[in-house]
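A.B. asks: The following block contains the structure, expressed as structure tokens.
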Amino acid sequence: MNPQSDAELALFQRAAAFSELASLADCTSEAMQRVTCAHGVDFATALLYDRFRKSPAHIPFITRMEELLAAQLPPGPKLQVGWKVFIVPGALYVERPSLGSDGKVVREAAEGLGLNCGMVPLASRGSVQQNATLIAGWLESRPEEKLVLVSVSKGDPDLKLALARPDAPQLFRNVVAWVNLCGPLDGSPVADWIPASRLRSWAVRLQYRIQRRDFGFITDMCHAPDSPLREPVRLPPHMKLVSILGFPLRAHLTTPLSRFCHGIIARFGPNDGTVLLSDARAWPGEILPVWGVDHYFRPAQRARALLNAIFGHLGEVCRESPLGPSPQVCD
């Protein structure tokens with residue numbers, strides 16, 4: 001969570017001393033676009049990271065996470081909890097698990113702590129709407145046991161739309177917590193960029209047809225004001241939400257694709273190549289800003305340590321968490 005070089009330290013110091021946008025509330029998407037235009041996206045990223053860390057709403061959680069990280073000693077103790085972990089995977093988790101969308105790092109962290117870990121079976125190439133329906137069906141089939149859902153990348157919008165269903169309070173009654181790993185809860189400007197050009201839209205449609213993928217993957221992920229994903233998250237009162245948000249500089253991005261996508265949407269402000277980071281100001285729940293982590297939650301070693309801390313935190317706060325209201329049964 002700290003700068004890794006003298007150059008990053010100098011960037012942090014500039015951001016901390018920046019007299020404008022003194023609080024996180026000031027860091028609107030429009031304001032971050034102005035700062036990016038004037039000072040560059042790397043400076044804007046450091047500025048938003050600094051304001052998140054100084055936000056009174058987020059300081060207690062960030063402080064607790066840092067305490068848990070500092071206390072970790074290998075091998076870590078096994079957690080004794082009353083819930084199971086299930087991964088909500090991202091796009092192409094079957095075809096391209098190397099992207100990290102299969103949640104391998106989540107599974108390794110959970111198993112290292114002695115936690116039962118499984119995966120929600122979603123359509124690897126499916127649209128958000130399709131996978132939201134699959135999540136609902138999967139939850140209906142689960143026995144009455146406490147669950148912690150950990151969603152990766154596109155798994156987050158899939159889960160968000162499942163929560164928007166009228167029957168969500170009953171479906172999610174045994175889900176005590178949701179951990180969002182770098183997910184674009186409000187859609188992604190990258191998805192808007194494709195249909196903005198007729199040629200790009202045609203090319204991607206052709207590619208998806210060849211790959212037998214649903215072009216709804218793109219349209220459902222749009223960040224435009226009329227996108228379904230721009231609606232607020234509807235979180236049941238009993239269910240906790242923890243979001244881990246990566247704040248990478250361009251130099252931190254590890255793949256050509258991530259650097260390409262980061263560049264496409266850089267004019268909108270700080271981003272991880274998919275998520276517009278200023279969106280998270282309005283997210284409910286607890287938020288942990290993490291310096292230098294990319295959209296697929298890499299590097300893996302840091303990711304495992306962070307997940308150990310998150311699971312430890314949930315072991316504390318969810319130990320006595322009640323389930324949601326029981327579904328009503330009509331005679």
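A.B. asks: In region 151-200, how many residues are free of Cβ contacts under 8 Å to residues at least 60 places away in the same chain and surrounded by fewer than 16 Cβ atoms within 10 Å (Cβ to Cβ)?
C.D. replies: The qualifying residues number 7.
A.B. asks: Further, regarding this structure: Could you identify the single residue in Ser201, Ser197, Ser243 that is over 22 Å from Leu134 (Cβ atoms), small (Gly, Ala, Ser), at pLDDT 95 or above and out of contact with any His (no Cβ under 6 Å at 6 or more places or on another chain)?
C.D. replies: Checking each option against the conditions leaves just Ser243.
A.B. asks: If you check every pair at least six apart or on different chains, which have Cβ atoms under 7 Å apart with a residue in region 221-237 that is under 16 Å from Arg281 (Cβ atoms) and open to solvent by less than 70 Å² (accessible area, probe 1.4 Å) first and a residue that is among the acidic types (Asp, Glu) and not in a loop (DSSP other than H, G, I, E, B) second?
C.D. replies: Matching pairs, first to second residue: His223/Asp192.
A.B. asks: OK, next. Return the only residue of Arg107, Arg96 being out of contact with any Asp or Glu (no Cβ under 6 Å at 6 or more places or on another chain), of a type outside the set (Val, Ile, Thr), without any contact (Cβ under 8 Å) to a residue 24 or more places away in the chain and surrounded by 16 or more Cβ atoms within 10 Å (Cβ to Cβ).
C.D. replies: Arg107
A.B. asks: Any idea which of (1) in contact (Cβ under 8 Å) with a residue 60 or more places away in the chain; (2) not in a loop (DSSP other than H, G, I, E, B) is the one Gly126 doesn't satisfy?
C.D. replies: Of the numbered conditions (1) in contact (Cβ under 8 Å) with a residue 60 or more places away in the chain; (2) not in a loop (DSSP other than H, G, I, E, B), the odd one out for Gly126 is (2).
A.B. asks: Still on this structure, I have one more. Pick out the one residue from Ala25, Ala38, Ala31 that is more than 21 Å from Val179 (Cα to Cα), in a helix (DSSP H, G or I) and open to solvent by less than 60 Å² (accessible area, probe 1.4 Å).
C.D. replies: On inspection, the qualifying residue turns out to be Ala31.
A.B. asks: Going by the conditions given, is Asp192 out of contact with any Ser or Thr (no Cβ under 7 Å at 6 or more places or on another chain), outside any loop (DSSP other than H, G, I, E, B) and among the acidic types (Asp, Glu)?
C.D. replies: In short, yes.
A.B. asks: Out of the residues in region 246-257 meeting the condition of being open to solvent by 20 Å² or more (accessible area, probe 1.4 Å) and not hydrophobic (A, V, I, L, M, F, W, C), tell me which one is modelled with the lowest pLDDT.
C.D. replies: Thr254
A.B. asks: Moving on. Is there a residue being part of a loop (DSSP other than H, G, I, E, B) and of a type in the set (S, T, N, Q) anywhere in region 52-68?
C.D. replies: yes
The values are calculated or read from the model by the stated rules, or taken from the named source; none is laboratory data. Predicted model only: the values in this text are computed from it and were never measured. Heads up, the Cβs are rebuilt from the backbone with ideal geometry, glycines too, and the neighbour counts pull from every protein chain shown. Surface areas here come from the heavy atoms of the whole protein model, side chains and all, with no ligands, DNA or RNA. Shrake-Rupley method; radii C 1.70, N 1.55, O 1.52, S 1.80 Å.
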